[in-house]
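**Student:** Below you'll find the structure I mean.
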Amino acid sequence: MMQFSKSTADGFYAVHKARPFFDSLCTFMSSGPVVVLVLQGDNAIKKNRDLMGATDPAKAEAGTIRKAHGANIEFNAVHGSDSPETAKFEIAYFFPQTDLVG
């Protein structure tokens, strides 16, 4: 568990810098503690995204994290990598000195 600084959130979400929701997203993500973790396994990205649900909680299926806990499309309760390339960046961002076994 950690608390993002605004600059940490800005760097993590830099890919969205040109989007209108960038500032509010980074402010939200630095407003309280977060849990960062790495998941591993067959189809881990897809399985995790299925568990999270659609980005817009209003469109997420019942039983998903976003449906149960998301407020709206910007404040949707959970983030997860969408590809192996994104996961590589995101893992290195939070665990730069860690050799993950897998």
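The values are calculated or read from the model by the stated rules, or taken from the named source; none is laboratory data. Remember, it's a predicted structure, so these values are computed and weren't measured experimentally. Virtual Cβ from ideal backbone geometry, glycine too; neighbours counted across all protein chains shown. Side chains are part of the model used for accessible areas, which takes the heavy atoms of the whole protein and leaves out ligands, DNA and RNA. Shrake-Rupley method; radii C 1.70, N 1.55, O 1.52, S 1.80 Å.
**Student:** Classify region 6-51 as rounded, prolate or oblate from the Cα gyration tensor: take a ≥ b ≥ c as the square roots of its eigenvalues, call it rounded if a/c is under 1.5, otherwise prolate when a/b beats b/c and oblate if not.
**Tutor:** Details: a/c = 2.63, a/b = 1.84, b/c = 1.42.
Note, shape of region 6-51 comes out prolate.
**Student:** Which value, to two decimals, describes the C-alpha radius of gyration of region 46-102 once divided by 2.2 N^0.38 Å? Don't skip to the end; give the middle numbers.
**Tutor:** Details: Rg = 13.2 Å, N = 57, 2.2 N^0.38 = 10.2 Å.
Taking the Cα Rg and dividing by 2.2 N^0.38 Å, one obtains 1.29.
**Student:** For the chain, which whole-number percentage of the solvent-accessible area (1.4 Å probe, protein heavy atoms only) is attributable to carbon and sulfur atoms? It would help to have the intermediate numbers written out before the result.
**Tutor:** Working: 3980 of 6980 Å².
Ligands and nucleic acids excluded, carbon and sulfur give 57 percent.
**Student:** Continuing with the same structure: Per DSSP helix of 4 or more residues, -39500 (n - 2.57); summed, then divided by the residues of the chain. What does that give at 222 nm, rounded to the nearest 500?
**Tutor:** Numbers: 5 runs with 40 residues, N = 102.
Calculated from helices alone, the mean residue ellipticity at 222 nm is -10500 deg cm²/dmol.
**Student:** How long are the semi-axes of the equivalent ellipsoid of the chain, defined as square roots of 5 times the Cα gyration tensor eigenvalues? Whole Å, largest first. Don't skip to the end; give the middle numbers.
**Tutor:** Working: eigenvalues 85, 76, 29 Å².
Value: 21, 19, 12 Å, ordered largest first.
**Student:** Okay, moving on. Taking the dipole about the Cα centre of the chain, with the C-beta of Lys and Arg at +1 and of Asp and Glu at -1, give me whichever of 16, 65, 30 is farthest to the positive side.
**Tutor:** Checking the options against the dipole of the chain, the answer is 65.
**Student:** Check which residues have an amide H placed less than 5 Å from residue 82's amide H, if you skip close sequence neighbours.
**Tutor:** 87
**Student:** Which entries of 47/67; 47/88; 17/47 have Cα-Cα distances beyond 19 Å here? Please report the intermediate quantities before stating the final value.
**Tutor:** On the way: 47/67 16 Å; 47/88 17 Å; 17/47 28 Å.
As for pairs spanning more than 19 Å Cα to Cα, those are 17/47.
**Student:** Also, I was wondering about something else. Per residue, how many Å² of accessible area does the chain show with a 1.4 Å probe? Mind dumping the intermediate values first?
**Tutor:** Working: 6980 Å² over 102 residues.
Accessible surface, normalised per residue, equals 68 Å².
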